[in-house]
1. Could you list 41, 425 in order of exposure, starting from the residue whose Cβ has the fewest other Cβ atoms within 10 Å?
2. Among 114, 418, 20, whose Cα sits farthest toward the positive end of the charge dipole of the chain (+1 at Cβ of Lys/Arg, -1 at Cβ of Asp/Glu, about the Cα centre)?
3. Please identify which residues in region 317-359 have an amide N closer than 13 Å to a label point set 7 Å out from the Cα of residue 409, following the Cα→Cβ vector.
4. With a 10 Å Cβ neighbour count serving as the proxy for reagent exposure, in which order, fewest first, do 114, 506, 83 appear?
5. With labels modelled as points extended 7 Å from the Cα through the Cβ direction, what inter-label distance (nm, one decimal) is found for residue 485 paired with residue 204?
6. With +1 assigned to the C-beta of every Lys and Arg and -1 to the C-beta of every Asp and Glu, and no other charges, what is the dipole magnitude of region 355-542 about the Cα centre in debye, to the nearest 20?
7. Could you tell me which of rounded, prolate or oblate describes the chain, using a ≥ b ≥ c as the square roots of the eigenvalues of the alpha-carbon gyration tensor, with rounded for a/c under 1.5 and, failing that, prolate when a/b is larger than b/c and oblate otherwise?
8. Give a residue-ordered list of calculated ³J(HN,Hα) values for region 357-370 (Karplus: 6.51 cos²θ - 1.76 cosθ + 1.60, θ = phi - 60°; whole Hz; x for Gly, Pro).
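Where a number appears in this text, it was derived from the coordinates with a stated rule and is not lab data. Quantities reported herein were computed from a predicted structural model and do not represent experimental measurements. All Cβ positions, glycine included, derive from the backbone under ideal geometry; neighbour counts span all protein chains shown.
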Amino acid sequence: MADPCNSLPDTERVAFATATEGGQRAYNDDAVAIYRASGSELRYRGSLAAIADGVGSAEAGGAAARAAVSGFISDYYSTPDSWSVKQAAARVLHALNSWLYRQSGGADEVQRGWLTTFSAVVFKGSTAHLIHIGDSRIYRLRNGNLECLTRDHSRTLGPERTFLSRALGMDAYIEVDYRQEPLEAGDLFCITTDGIHDFLPSAQFAGLLQTHQLSAAQPLIAAALDNGSKDNLSLALCRVNLLDSPEADDLMLATSQLPFPPSMQPGNKIDGYEVLQELHASSRSYLYLVRDLDSGALCVLKAPSENFIDDPVYIERFIAEEWTGRRVDHPAIVKVFPPKKERRFLYHVMEYVDGQNLRQWMQLNPEPPLDQVRNLVAQLVSALRRLQRLEIVHGDLKPENIMVDSSGRLKLIDLGGANAAGLQELLRYQDSAPPGSKNYCAPEYFVGDGASHRSDIFSLGVIAYEMLTGHYPYKERFGSSHYQLKNYAALRYISARQYRDDIPFWIDGALRRACAPDPKSRYPALSEFVHDLSIPNSRFTSAERPPLLERNPLLFWQTVAALAILSHLLYFM
């Protein structure tokens with residue numbers, strides 16, 4: 001007996017309907033579900049429909065299918081807002097796959113395994129996110145044309161015989177297909193198990209969808225049975241009625257139209273805060289020390305500069321800084337507070353850190369002992385680890401953005417350059433300019449490569465180098481013009497021992513690797529950098545020069561090319 005799910009009315013942005021039937025089999029090993037999100041879940045994770053088809057040759061296939069669908073929905077909506085749909089789905093499915101694989105007892109027990117296909121469509125904003133593994137399928141009917149948007153992970157062995165090459169629970173590690181598709185009003189998505197699509201010619205399939213739309217579940221199942229289907233039959237139908245605005249975040253909507261606050265003086269009051277003094281002013285923003293008139297607590301109010309009043313990219317990034325800060329909770333990262341009441345101007349409020357920035361600290365401590373630098377680096381690593389867990393790249397690590405309080409504790413105070421994958425799905429404008437200072441920003445920002453957590457490791461290495469030596473590890477870049485970098489080989493590392501001969505070779509080696517121009521040559525993990533700053537790495541204990549490929553890649557390959565040409569000439573002489 002089919003188990004339909006009532007569809008939503010046409011006034012909903014995305015309407016759903018599902019059905020599943022055992023067909024001629026004694027057991028139904030399919031699982032199908034939808035999740036209609038609302039509020040913040042809808043903004044950051046979207047609504048979804050998912051189908052899993054338990055592998056018939058595996059004894060626990062049905063249990064695996066049900067666990068995959070229910071587990072995915074539960075865990076996906078528990079992931080941080082800062083994760084993108086792709087990252088969230090991948091993390092959840094890899095965890096589910098590991099659990100199913102362990103339930104199976106490993107590769108030797110595959111025949112009794114918890115194996116299942118999995119296909120889902122997430123509707124977020126104006127985009128459909130497709131997630132797929134196995135031989136279930138995702139179709140889209142648009143303007144009468146039916147298109148299969150997924151590729152079966154199976155191989156044909158003969159008439160009516162196929163081999164499933166990829167499924168959840170099959171291997172310890174999995175590869176999940178992911179793609180994005182822009183939505184159009186009127187799109188009809190249909191996710192099916194092979195009991196349906198293997199028995200419906202494309203023309204019949206498209207005709208039934210076009211005729212019945214969200215009511216096509218029963219006609220499709222009946223047609224597949226009439227055509228000889230002996231398998232379980234399940235499907236989910238999703239019709240796009242209206243497109244969500246791409247700027248669907250409450251914070252973005254609430255603040256994007258606010259006016260810039262006027263220049264403020266001590267004694268001025270704004271939304272329950274009294275200005276005590278101006279802490280910092282630049283061409284991009286103003287920082288004011290303020291007192292909360294309700295609690296008496298000291299805070300910092302950050303206001304945008306009127307220089308950018310007509311710059312939508314700047315305004316969006318200013319708002320994004322608050323969005324990011326309110327999602328991070330760590331003692332070494334400044335707290336960004338939600339507004340106490342409705343704001344009349346564009347600004348955000350942060351905790352006040354009584355101390356000096358790291359630039360001022362370095363000026364007062366020109367040659368600090370190694371143990372002190374190790375301690376400060378370890379604190380920065382702790383903060384960066386928290387950002388990494390949230391899939392956030394800071395992007396603008398520099399001494400001016402790090403405060404040192406009276407007890408020697410560090411705190412990151414500026415998230416204006418931070419890049420969270422989940423945030424990128426909310427932004428309307430993409431700023432291609434490097435987010436940080438040219439002397440601290442990782443080289444990949446200047447050569448057009450994508451940023452990653454290794455970009456922050458580069459900046460951390462530069463800061464550690466500068467704390468020890470008072471200099472940069474590369475030739476200083478002056479001026480306010482945009483910095484140009486042709487390739488990674490253009491940067492030449494300057495040994496820290498050139499400035500302080502009491503720095504051990506192994507410390508210099510660790511700094512060299514952290515500051516490697518090519519991100520692939522840097523430390524892959526923060527913990528490895530911390531370890532090599534504390535315990536001598538045998539790779540760096542010798543005074544021998546690094547190999548030419550590491551010191552000067554361009555010269556290395558020029559030498560290789562010259563030798564190749566010489567060898568070629570000698571061959572014909």
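1. Values: 41 15, 425 22.
Ranked by crowding around the Cβ, least crowded first: 41, 425.
2. Selected residue: 418.
3. Answer for region 317-359: 330-335, 352-355.
4. Values: 114 30, 506 18, 83 25.
Listed from fewest to most nearby Cβ atoms, that is 506, 83, 114.
5. 6.0 nm
6. On the way: 22 positive and 20 negative charges, 46 e Å.
Taking the Cα centre of region 355-542 as origin, the dipole is about 220 debye.
7. Values: a/c = 2.37, a/b = 1.48, b/c = 1.61.
Oblate is the answer for the chain, as a/c is 1.5 or above yet b/c matches or exceeds a/b.
8. Working through the residues one at a time gives 7, 5, 4, 5, 4, 5, 5, 7, 10, x, 9, x, x, 4 Hz.
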